[in-house]
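A.B. asks: Structure incoming, see below.
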Amino acid sequence: MRNIAMFVSAMVVAGMLALPGGAQESKPAPSAEQAKRAMKALASFRHVPLTVEKAKAAVAIFLTLKKEYPPETFKVKTPGPMGAVEAMKASEKAQEILKLVKDKGFADIDEWARAFTSLGMALAHVRQGSDADIQAKLKKLDEAPMPEPMKAKIRAMLQALIPPQQNVQVAQQLLQDADMKRMIEAVEAIR
């Protein structure tokens with residue numbers, strides 16, 4: 001049981017590193033309450049169905065944000081992806097960012113962030129080769145002696161980590177494109 005919680009927490013922290021950060025000296029470890037909110041958000045996360053074009057646009061937006069907006073542009077109050085997204089929407093540059101995401105085909109900043117996160121999960125899936133580890137954890141969870149409501153929450157969190165096959169195929173295509181692979185590596189190099 002503890003391993004499942006640590007696995008999910010590690011995935012949440014990995015997700016935090018993916019989105020643009022705000023004006024912070026260092027990235028503090030999430031508090032218990034922040035981790036609880038992040039795990040709840042993960043459990044309710046629904047993957048955005050990706051196309052190659054939408055995935056490319058999500059990556060391009062991220063790289064543009066990192067290039068054109070220094071960290072002090074965003075005053076992140078809550079660590080993590082949702083804190084970064086909320087900081088973007090509350091910043092003085094929110095309208096510029098909204099125009100950027102709309103010009104690339106997204107309805108709003110939230111839609112872009114969900115697509116970017118969906119792509120990140122699909123890329124992780126491709127690189128790991130399968131969801132066997134998650135499936136094994138789900139099987140152990142079914143056998144674990146704990147209340148069903150708790151199992152349901154953990155099951156939802158774990159299942160949210162499994163991307164749709166369509167997104168996996170998009171991730172595979174992007175990694176076969178040399179230019180996109182370099183862009184993805186540039187995103188991953190930002191820590």
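A.B. asks: I'm trying to understand the selection: among the residues of the stretch 99-143, which are loosely packed, with under 12 Cβ neighbours inside 10 Å, among the aliphatic types (A, V, I, L, M) and more than 21 Å from Val170 (Cα to Cα)?
C.D. replies: Passing the criteria: only Ala136.
A.B. asks: Considering only the stretch 83-137, state which residues are among the β-branched types (Val, Ile, Thr) and closer than 22 Å to Pro71 by Cβ.
C.D. replies: Val85, Ile97, Val101, Ile109, Thr117
A.B. asks: Of all the residues that make up the stretch 110-141, how many are closer than 17 Å to Gln166 by Cα and hydrophobic (A, V, I, L, M, F, W, C)?
C.D. replies: Adding up the residues that qualify gives 8.
A.B. asks: Within the stretch 84-101, can one find any residue that is of a type outside the set (A, V, I, L, M, F, W, C), without any contact (Cβ under 8 Å) to a residue 40 or more places away in the chain, touching a Leu at 6+ places or on another chain (Cβ under 9 Å) and assigned to a helix (DSSP H, G or I)?
C.D. replies: Scanning the stretch 84-101 turns up at least one residue that is of a type outside the set (A, V, I, L, M, F, W, C), without any contact (Cβ under 8 Å) to a residue 40 or more places away in the chain, touching a Leu at 6+ places or on another chain (Cβ under 9 Å) and assigned to a helix (DSSP H, G or I).
A.B. asks: I want to confirm something. Restricting to the stretch 29-78 and keeping residues that are modelled with pLDDT under 70, buried (at least 17 other Cβ atoms within 10 Å of the Cβ) and of a type in the set (Gly, Ala, Ser), which single residue is nearest to the chain's Cα centre (by Cα)?
C.D. replies: Ala38
The values are calculated or read from the model by the stated rules, or taken from the named source; none is laboratory data. The model shown is predicted, which means the values in this text are computed figures rather than measured ones. All Cβ positions, glycine included, derive from the backbone under ideal geometry; neighbour counts span all protein chains shown.
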